[in-house]
Amino acid sequence: MSPYFEISLKPSIDYFLWVLPVLFLLVAFVKLPAVSELVLSMVKISRNWLLTIFGLFFFIALFVTYSELRQDIDVKKQIDAGEFLLVSGCIQNYRLDEVKGHTATFEVQGVEFSYNNYTRTPFFYEKELPGKVIKNGNCLEISYLPIAKENKIIKIVQLTK
């Protein structure tokens, strides 16, 4: 049977591609005063503050990107090493809490899964065919990783009843 969902992680240096245009912009601010003066006329702050704020945001974004890359590398290592759990059974107690931003929760063989169908993530979030596979009574085989007190779904195979 082919999987309904399977995580696709390809951690690489591509995570940092956004750095090139941002560095180009920073160099333009520093080397070409006309460019920074144009921006300064719109935001009404000093050139030093503009460069300080820009640099601060750059380093925060760089740190966040590095953290995401490390997390994806660690998850990929766990999956490749087979350090995930597997449960098979039929979905029970499916519920959708629209107050919490469309958060769906369900159980398979006593293991609880939860996901928000609006948040993009490498883990399952039912972006395709919502309500078609994940619903009470459907039988699935789910591979998952327990991360931060949640069971993150890495693969779903739909079973026949």
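The values are calculated or read from the model by the stated rules, or taken from the named source; none is laboratory data. Everything quoted here is computed from the prediction, not taken from an experiment. Note: ideal-geometry Cβ built from the backbone for every residue, glycine included; neighbour counts use all protein chains shown. Ligands, DNA and RNA are excluded from the accessible area calculation, which covers all protein heavy atoms including side chains. Shrake-Rupley method; radii C 1.70, N 1.55, O 1.52, S 1.80 Å.
Candidates (1) 10.0; (2) 12.8; (3) 9.3; which is the computed mean projected area of the Cα convex hull in nm²?
(2)
Of the accessible area of the chain, with the probe set at 1.4 angstrom, what percent is carbon plus sulfur?
Accessible surface attributable to carbon and sulfur in the chain totals 61 percent.
What is the angle, in °, between the Cα long axis of helix 33-43 and the longest principal axis of the Cα atoms in the chain? Nearest 10 is fine, range 0 to 90.
Taking Cα atoms only, the helix is inclined about 60 degrees.
Placing +1 on the Cβ of each Lys and Arg and -1 on the Cβ of each Asp and Glu in the chain, which of SER114, THR52, GLN158 has its Cα farthest towards the positive end of the resulting dipole?
The residue sitting most towards the positive pole is THR52.
What list of ³J(HN,Hα) couplings, whole Hz, do you get for the stretch 4-20 from phi and the Karplus terms 6.51, -1.76, 1.60, once you set θ to phi - 60° and write x for glycine and proline?
Per residue, the Karplus-derived 3J(HN,Hα) values read 6, 9, 8, 4, 10, 10, 9, x, 7, 5, 4, 4, 9, 4, 5, 5, 4 Hz.
Rounded, prolate or oblate for the stretch 75-121? Axes are the square roots of the Cα gyration tensor eigenvalues, ordered a ≥ b ≥ c, and the cut-off for rounded is a/c under 1.5.
Values: a/c = 4.17, a/b = 1.40, b/c = 2.98.
Oblate shape, in that a/c is at least 1.5 and b/c is the bigger or equal ratio.
Which one of ASN117, ASN48, ASN136 has the biggest mean-square fluctuation once the chain is modelled by GNM with Cα springs under 10 Å?
Maximum among the listed residues: ASN48.
If you place +1 on the Cβ of every Lys and Arg and -1 on the Cβ of every Asp and Glu, how big does the dipole about the Cα centre of the chain come out, in debye to the nearest 20?
340
Suppose only helical runs count, i.e. DSSP H with n ≥ 4. What mean residue ellipticity at 222 nm does that imply for the chain under -39500 (n - 2.57) per run, divided by all residues and rounded to the nearest 500 deg cm²/dmol?
One gets -12500 deg cm²/dmol as the mean residue ellipticity at 222 nm.
Under 8 Å for C-alpha pairs, at least 6 residues apart: give me the relative contact order for the chain, rounded to a whole percent.
Details: 206 pairs, mean separation 41.3, N = 161.
Rounded, it is 26 percent for the chain.
If you filter the stretch 56-161 for GluC sites (Glu not before Pro), then keep DSSP loop positions with at most 15 other Cβ within 10 Å, what is left?
Sparse-neighbourhood loop GluC sites (Glu not before Pro): GLU83, GLU128.
Which cross-chain or sequence-distant (5 or more) residues have an amide H under 5 Å from the amide H of PHE84, H modelled 1.01 Å from N in plane?
none
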